[in-house]
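What follows is a short report on a single structure.
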Amino acid sequence: MPELPEVEVLRLRLDSLLANKKLVDVDVLKSRVVRPELPKFLKDKIVNCTISKVRRRGKFLWLELKHFQSESAFPLIIHLGMTGRLFIQKNIKSLPKHSAVVFKLNNEYLVFKDPRSFGRVTLDTDCIENLGVDALSSDFTEDALASVIKNTSQSLKARLMNQKKIAGLGNIYSCEVLHKAKISPFIKGSSLCANKLKDLLKAIHVTLHNQVNFGLSLDLDFKGEYKNDGLFYYGTKSTQKNQLQEPFSVYGREGESCRNCESIIMRETQINRSTYFCPECQK
DNA sequence: CGTCATGTTAAGGA
DNA sequence: TTCCTTAACATGAC
């Protein structure tokens, strides 16, 4: 589920559903997902806290918690990893397979499920303190982008995916953004001219905003099924006929033709991931 | 059977 | 020290 637009859509929906609700209990079913602290420590800290706000930076989501007497808030951080999903159930008579953590509220349950267990629930703030600038924040300027992509031996795409430099772009949207800006994923960032740098910044903004709007347009119902379950999921294209499709330009389109120039989209391995690109548009 | 998958990070090398 | 590359984590879809 997990790049910036999907997490942002989830954040907006969760914020309206969870604000001012109280955490009554927590049940950790997959202890691997709660790390590095122990599940008991987590439970002791968060039970009886109230959720004041749901926040996000990059792909990290957190519930801002307050103890009933205390003024200060602290974050309960949730990262979805590759397969994490969050949804709300009225009861827990049947929990989905691979449920990892169940948060009990007064009249409902917030369920975190994660088959691959790459996701994480934690009180340890190291992971958000070391993040780079959020790709949708107003601090993500031309200067910020320039300082991230120059003075390195890494390829431009590797740089875009480095969360310590820019928070929010993953493999899908890094491919998409570079195609939109018509820039090769394999070049060094230092070789980008000023105009191309502007194109790239704009492509990042437009692509991410469009995807957030797309996600908000989906009809989600938080029932915890694979479809319409409260998650903006990139696999939605395989659901109902009247559902909008996520229109990727290059990602997952190896062998298909580029919509700009008709060339065949290629796939190559780069930093252990698949990079999809148009060899004509992105020279 | 084999290959691929939206992500992070510990460990090792330069 | 810092910066970079690789392998590993665990399960499912095709």
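Read-outs throughout are calculated quantities, based only on the coordinates presented, and are distinct from any laboratory measurement. None of the values given here were measured: they were computed from a predicted structure. All Cβ positions, even for glycine, are placed from backbone atoms using ideal geometry, and neighbour counts span all protein chains on display.
Tabulated data
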read-out: Extension gain, A:ARG11 back to A:GLN154 (0.36 nm per residue minus Cα-Cα distance, nm); value: 48.3 nm
read-out: Degrees separating the helix A:4-18 axis from the principal Cα axis of chain A, which is the longest one; value: 20
read-out: Lysine pairs with alpha-carbon atoms under 12 Å apart, segment A:1-94, spacing 8 or more or separate chains; value: 6
read-out: Options A:SER52, A:LEU197, A:ILE172, ranked by Cα towards positive dipole end of chain A, top entry (Cβ charges); value: A:ILE172
read-out: Degrees, to the nearest 10: A:194-217 long Cα axis against longest axis of chain A; value: 40
read-out: Shape call, segment A:10-84: gyration tensor on alpha carbons, a/c limit 1.5; value: oblate
read-out: Gain upon complete extension [A:SER190, A:SER94; 0.36 nm per residue less C-alpha separation]; value: 29.2 nm
read-out: Value of relative contact order over chain A, rounded to a whole percent, pairs C-alpha under 8 Å and six or more apart; value: 18
read-out: Cα gyration tensor category, rounded, prolate or oblate, for chain A with a/c compared to 1.5; value: prolate
read-out: Pairwise label distance in nanometres, A:SER138 with A:VAL206, each label 7 Å out on the Cα-Cβ vector; value: 2.3
read-out: Computed lengthening from A:THR125 to A:ALA73, 0.36 nm per intervening residue step minus Cα-Cα distance; value: 17.4 nm
read-out: 222 nm mean residue ellipticity, helices alone, for chain A (DSSP H n ≥ 4; -39,500 (n - 2.57); rounded to 500); value: -8000 deg cm²/dmol
read-out: Counted charge near A:VAL102, where neighbours are those whose Cβ lies closer than 10 Å (Asp, Glu -1; Lys, Arg +1); value: 0
read-out: Summed side-chain charge close to A:ASP15 - residues other than A:ASP15 whose Cβ falls under 9 Å, Lys, Arg +1, Asp, Glu -1; value: +4
read-out: Cα gyration tensor shape for segment A:46-96, rounded if a/c is under 1.5, else prolate or oblate; value: oblate
read-out: Cβ crowding within 10 Å averaged over residues, with A:56-66, A:34-44, A:169-179 ranked highest first; value: A:169-179, A:56-66, A:34-44
read-out: Residues A:SER147 and A:ARG35, FRET efficiency given R0 of 25 Å [Cβ-Cβ distance, rounded to 0.05]; value: 0.20
read-out: Residues A:LYS164 and A:PHE118, FRET efficiency given R0 of 22 Å [Cβ-Cβ distance, rounded to 0.05]; value: 0.75
read-out: Cβ charges +1 (Lys, Arg) and -1 (Asp, Glu), total dipole of chain A, debye; value: 400
